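Please read the structure below before turning to the comments.
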Amino acid sequence: MAHIALPEGLPGISGGFAFRPETAKPMRELAHILLHEPGSLTPGERELIATYVSSQNDCYFCQTSHGAAAAAHLGGGEVVQRVKADFQSAPITPKLKALLAIAGKVQQDGKRVTPEDVALARSQGASDLEIHDTVLIAAAFCMYNRYVDGLGTWQPEDQSMYAEMGQHLAQHGYRRPSIEAP
């Protein structure tokens, strides 16, 4: 049960967004730009960064919904599960591994990112834009995760709901709700 009176039947961040639409709009827009708009990292890679950070923050709703979006982009959920379990042994590029290492440090404390972490990412082909966006995705998802969990939002266990949400996010992005109020 949520800590405040959120709209019924809306899971996770959807409940908070419906409660305060004026703050939802810029938060949706930020997620859309970071995760869905064209960029040098694929949407699947960016969703993996969001999923990884959310898993490190133990935010069930975000890691499951963004994991489903990553799976929709990548053609299945195996790589998502492997990234969450141990990204260093996952079947992803060395560049994405270096970026996930940076994201993991941002998740703990942004001051943990070192010049060596950035140099490693660059040596694996990461651009300054990719490093910037990785840091911003990680920081933003710490905020989104804390928003979802701090309000005590409803986080259903129905995996089919997350799969549908992931498909919506992968196809349409973040500007429109993936779940409507019942």
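Report yes if some residue within the range 63-80 is polar (S, T, N, Q) and surrounded by fewer than 16 Cβ atoms within 10 Å (Cβ to Cβ); otherwise report no.
Taking the range 63-80 and keeping what is polar (S, T, N, Q), we get 63-65.
Going one step further and asking which of them are surrounded by fewer than 16 Cβ atoms within 10 Å (Cβ to Cβ), we end up with none.
Looking for residues that are polar (S, T, N, Q) and surrounded by fewer than 16 Cβ atoms within 10 Å (Cβ to Cβ), one finds none in the range 63-80, hence no.
Condition check: at pLDDT 95 or above, among the β-branched types (Val, Ile, Thr) and surrounded by fewer than 24 Cβ atoms within 10 Å (Cβ to Cβ). Does Ile137 satisfy that? It would help to see each step written out before you state the result.
Working: at pLDDT 95 or above: yes; among the β-branched types (Val, Ile, Thr): yes; surrounded by fewer than 24 Cβ atoms within 10 Å (Cβ to Cβ): no.
Considered against the rule, which asks whether it is at pLDDT 95 or above, among the β-branched types (Val, Ile, Thr) and surrounded by fewer than 24 Cβ atoms within 10 Å (Cβ to Cβ), Ile137 comes out as no.
In this structure, does Ile33 turn out to be without any contact (Cβ under 8 Å) to a residue 12 or more places away in the chain and under 28 Å from Gly152 (Cα atoms)? Give the steps one after another, and end with the answer.
Numbers: without any contact (Cβ under 8 Å) to a residue 12 or more places away in the chain: yes; under 28 Å from Gly152 (Cα atoms): yes.
Yes: the conditions hold for Ile33.
I'd like to know if the range 6-23 contains one or more residues that are at pLDDT 95 or above, among the aliphatic types (A, V, I, L, M), loosely packed, with under 12 Cβ neighbours inside 10 Å and not in a helix (DSSP H, G or I).
Looking through the range 6-23, none of the residues is at pLDDT 95 or above, among the aliphatic types (A, V, I, L, M), loosely packed, with under 12 Cβ neighbours inside 10 Å and not in a helix (DSSP H, G or I).
I need a count of the residues in the range 81-93 that are more than 16 Å from the chain's Cα centre (by Cα) and surrounded by 14 or more Cβ atoms within 10 Å (Cβ to Cβ).
2
Do we have Glu29 as in contact with a helix residue (DSSP H, G or I) (Cβ under 8 Å, 6 or more places away or on another chain), among the acidic types (Asp, Glu) and either closer than 13 Å to Ile137 by Cα or not in a loop (DSSP other than H, G, I, E, B) (or both) here?
No: the conditions fail for Glu29.
Output the residues belonging to the range 87-105 that are within 15 Å of Glu116 (Cβ to Cβ) and either among the charged types (D, E, K, R) or in contact with a Cys (Cβ under 6 Å, 6 or more places away or on another chain) (or both).
Lys97, Lys105
Only one residue in Gly110, Gly152, Gly173 is on the phi > 0 side of the Ramachandran plot and surrounded by fewer than 15 Cβ atoms within 10 Å (Cβ to Cβ). Which one?
Values: Gly110 fails: on the phi > 0 side of the Ramachandran plot; Gly173 fails: surrounded by fewer than 15 Cβ atoms within 10 Å (Cβ to Cβ).
Within the list Gly110, Gly152, Gly173, the selection yields Gly152.
Within the range 99-115, can one find any residue that is more than 15 Å from Leu48 (Cα to Cα), among the polar types (S, T, N, Q) and touching a helix residue (DSSP H, G or I) at 6+ places or on another chain (Cβ under 6 Å)?
Checked against the condition, which is being more than 15 Å from Leu48 (Cα to Cα), among the polar types (S, T, N, Q) and touching a helix residue (DSSP H, G or I) at 6+ places or on another chain (Cβ under 6 Å), the range 99-115 yields no hits at all.
Within the range 152-171, how many residues turn out to be in contact (Cβ under 8 Å) with a residue 12 or more places away in the chain and part of a helix (DSSP H, G or I)?
11
The values are calculated or read from the model by the stated rules, or taken from the named source; none is laboratory data. All values derive from a computational prediction rather than experimental measurement. Please note: Cβ atoms are built from the backbone with ideal geometry, for glycine as well, and neighbour counts cover all protein chains shown.
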